[in-house]
Every structure is written in C-alpha cells, then in structure tokens.
Amino acid sequence: MKLRYTIFYVDDVAASVDFYKSAFGLDVRMVHGEGDYAELDTGTTSLSFCSRKLMDQLGKRTASPEVDAPVFEIAFETDDVEGAFQRAVTNGARPISAPEKMPWGQTVSYVADINGYLVEICSPVSPP
C-alpha cells in the first residue's frame with residue numbers, strides 16, 4: 001500500500017492551486033473537469049484540492065480548517081527553510097512561527113495557507 005494523495009477541501013480550487021504554485025513552487029499535475037479538482041506534483045504523492053461544492057453534490061459535508069486548532073498538517077522539506085518560509089509569506093501565507101532550530105537537529109517553521117490549513121516548512125532531520 002502507498003499514500004497516493006492528500007486532498008484539501010476548499011472553496012476555490014484555482015486560487016488554492018495558484019497559491020501553492022507561487023508560495024511553494026509546485027507544478028500542476030492535473031486539473032479535472034470544470035476545475036473542481038486538481039493535483040499538484042510533490043513527488044510520489046500529490047497534494048490535491050477538491051471544491052466544497054463538489055463534495056456537497058456528492059452528499060459529503062466538509063469542515064473548515066482552524067489554524068489555531070489544527071487536526072493535521074502537511075510538511076514540505078527543504079534545505080533552505082528560511083528562504084522557503086519567506087517565499088511562502090511573500091506569496092500570501094500567514095506566518096505562524098519563524099524558522100527555529102530544534103534539539104533533534106531539524107529547522108522547523110509554520111505558515112497557514114490561504115484556506116487556513118497548517119503547513120510546516122522544515123529541513124531534513126540531522127543528528128544534533
């Protein structure tokens with residue numbers, strides 16, 4: 001078994017895709033139908049977006065994220081956490097916590113995306 005994708009339920013799929021392209025440099029893997037679903041390329045898995053409207057049509061109710069009380073996060077790993085954090089904020093992400101060196105040998109920062117989802121920007125873990 002393998003993790004294929006993670007889906008964020010959003011009001012505006014196109015705006016979410018544009019944000020992630022500019023804030024994190026991701027490429028579009030595919031947009032389906034009338035733009036109610038899209039996938040961004042993140043390697044072997046994809047970060048996907050589905051419109052709340054489509055989910056409603058499918059009879060599934062969605063909840064909105066709460067950045068101050070998240071139930072999950074996604075993480076992007078990079079060797080340049082400071083640069084990636086600044087790029088995200090410059091392109092509309094809300095800064096949550098600036099890059100900080102952790103005792104376990106990783107640099108970690110957090111932003112909220114334009115929908116309120118929590119995004120970690122971190123370095124690879126290296127021995128302290």
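The values are calculated or read from the model by the stated rules, or taken from the named source; none is laboratory data. This is a predicted model, so every value here is computed, not measured. Neighbour counts are summed over all protein chains in view; Cβ atoms, including those assigned to glycine, are modelled from backbone coordinates with ideal geometry.
So the values come out like this:
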quantity: Selected residue (only one of ALA84, ALA63, ALA88, ALA75 is among the aliphatic types (A, V, I, L, M) and in a loop (DSSP other than H, G, I, E, B)); calculated: ALA63
quantity: Top-ranked residue in the range 70-128 [being among the hydroxyl-bearing types (Ser, Thr, Tyr) and at pLDDT 95 or above; ranked as nearest to THR6 (Cα to Cα)]; calculated: TYR117
quantity: Residues being closer than 18 Å to CYS50 by Cα and exposed (fewer than 13 other Cβ atoms within 10 Å of the Cβ) - total across the range 74-83; calculated: 0
quantity: So ASP12, is it closer than 17 Å to ASP113 by Cα, exposed (fewer than 11 other Cβ atoms within 10 Å of the Cβ) and in contact with a strand residue (DSSP E or B) (Cβ under 9 Å, 6 or more places away or on another chain); calculated: no
quantity: Residue match in the range 49-57 (condition: of a type in the set (Asp, Glu) and either outside any helix (DSSP H, G or I) or buried (at least 17 other Cβ atoms within 10 Å of the Cβ) (or both)); calculated: no
quantity: ALA63 over 26 Å from ALA98 (Cα atoms), under 15 Å from the mean Cα position of the chain (by Cα) and small (Gly, Ala, Ser); calculated: no
quantity: Unmet requirement for MET102, which otherwise passes all of (1) without any contact (Cβ under 8 Å) to a residue 60 or more places away in the chain; (2) under 16 Å from the mean Cα position of the chain (by Cα); calculated: (2)
quantity: Hey, PHE8 part of a strand (DSSP E or B), at negative phi and at pLDDT 95 or above or not; calculated: yes
quantity: Hey, GLY59 touching a residue at least 12 places away in the same chain (Cβ under 8 Å), on the phi > 0 side of the Ramachandran plot and of a type outside the set (A, V, I, L, M, F, W, C) or not; calculated: no
quantity: Positions within the range 20-38 being touching a residue at least 12 places away in the same chain (Cβ under 8 Å) and touching a helix residue (DSSP H, G or I) at 6+ places or on another chain (Cβ under 9 Å), in sequence order; calculated: SER22, ALA23, PHE24, GLY25, LEU26, ASP27, VAL28, VAL31, GLY35, ASP36, TYR37, ALA38
quantity: Hits in the range 35-91 (condition: closer than 21 Å to THR107 by Cα, of a type in the set (S, T, N, Q) and not assigned by TED's automatic domain parsing to the domain that holds TYR117); calculated: THR42
